[in-house]
Amino acid sequence: TEEYDGSSWTSVNNMNYSSRNLGGLGTQTSAVSAGGIGPPTYLATTGEYDGTNWTAGTSLPAGLQDNQGMTGETLTAGLLAGGEGPPGAATTSTLEYDGTNWTAGGALPTAVYGNGAAGIQGGALSFGGNSDKTATQGYDGTTWSTRPSLATGRNRVGGLGTDTAALAVGGLTNPGAVQTLTEEFTGDTETATAKTLTTS
């Protein structure tokens, strides 16, 4: 685990479990990780971070990987949209986390995994996903509805922001081409902006 202070990354205490292709949400002092794969097992594990330590939270109802479609303000108000269950099986599940339990929310219109997400439990976006999906869906805390699509469909896309001011960052397009593209979502519009992701 590493924390970012605006200028540098600092190593802090390790997660409570080892995983890849997992999802996460929250802030530096109130965060949740969930799912992923500890080859060959699809994990249902949840971790809660309080700014210092990771502890085990309530497990997901079933193992998921490529569940990057997670977003939310804190570990007591999280949202998970989609994910891959048994190998190759996309899900329509929406799960809400209150810091104790995962409960079912409104189902996504289309099964998806590797999608990005932005927003809070009561107002969120899900975009992109497997098979280079371009679809964007908005969640009002109860149901999902259609929003303007991404200009470039992609899988394993990073997401951040709010349901009216979001970013879709990077990702993969078939057959495994890594993307540097950033798209901005403002209200009901998507704007594609070609930018290069850099490291320093």
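Could you tell me which of the residues Thr71, Thr55 is in a strand (DSSP E or B) and more than 15 Å from the chain's Cα centre (by Cα)? So that I can check it myself, show each step before the final result.
Numbers: Thr71 fails: more than 15 Å from the chain's Cα centre (by Cα).
It is Thr55.
Provide a single number: the residues in the range 41-55 that are touching a Ser or Thr at 6+ places or on another chain (Cβ under 8 Å), more than 15 Å from Gly78 (Cα to Cα) and surrounded by fewer than 21 Cβ atoms within 10 Å (Cβ to Cβ).
Looking only at that region, the number is 3.
Please verify whether Gly38 is free of Cβ contacts under 8 Å to residues at least 60 places away in the same chain, more than 15 Å from the chain's Cα centre (by Cα), open to solvent by less than 40 Å² (accessible area, probe 1.4 Å) and on the phi < 0 side of the Ramachandran plot, treating the condition exactly as stated. Quick ask: steps written out before the conclusion?
Numbers: free of Cβ contacts under 8 Å to residues at least 60 places away in the same chain: yes; more than 15 Å from the chain's Cα centre (by Cα): yes; open to solvent by less than 40 Å² (accessible area, probe 1.4 Å): yes; on the phi < 0 side of the Ramachandran plot: yes.
Considered against the rule, which asks whether it is free of Cβ contacts under 8 Å to residues at least 60 places away in the same chain, more than 15 Å from the chain's Cα centre (by Cα), open to solvent by less than 40 Å² (accessible area, probe 1.4 Å) and on the phi < 0 side of the Ramachandran plot, Gly38 comes out as yes.
Of all the strands (runs of 3 or more DSSP E) wholly in the range 84-200, which have at least 3 residues that are at pLDDT below 95 and exposed (fewer than 15 other Cβ atoms within 10 Å of the Cβ)?
Working: elements: 94-97, 102-104, 116-120, 123-127, 136-139, 144-147, 158-161, 165-169, 182-186, 189-193.
So the answer is 189-193.
Tell me, please, whether a residue that is at pLDDT 95 or above, assigned to a loop (DSSP other than H, G, I, E, B) and among the hydroxyl-bearing types (Ser, Thr, Tyr) can be found in the range 74-81.
Yes, some residue in the range 74-81 is at pLDDT 95 or above, assigned to a loop (DSSP other than H, G, I, E, B) and among the hydroxyl-bearing types (Ser, Thr, Tyr).
The values are calculated or read from the model by the stated rules, or taken from the named source; none is laboratory data. Computed from a predicted structure; not experimentally measured. With ideal geometry, Cβ positions are generated from the backbone for all residues, glycine too; neighbour counts draw on all protein chains shown. Note: accessible area is taken over every heavy atom of the protein model, side chains too, but ligands, DNA and RNA are not part of it. Shrake-Rupley method; radii C 1.70, N 1.55, O 1.52, S 1.80 Å.
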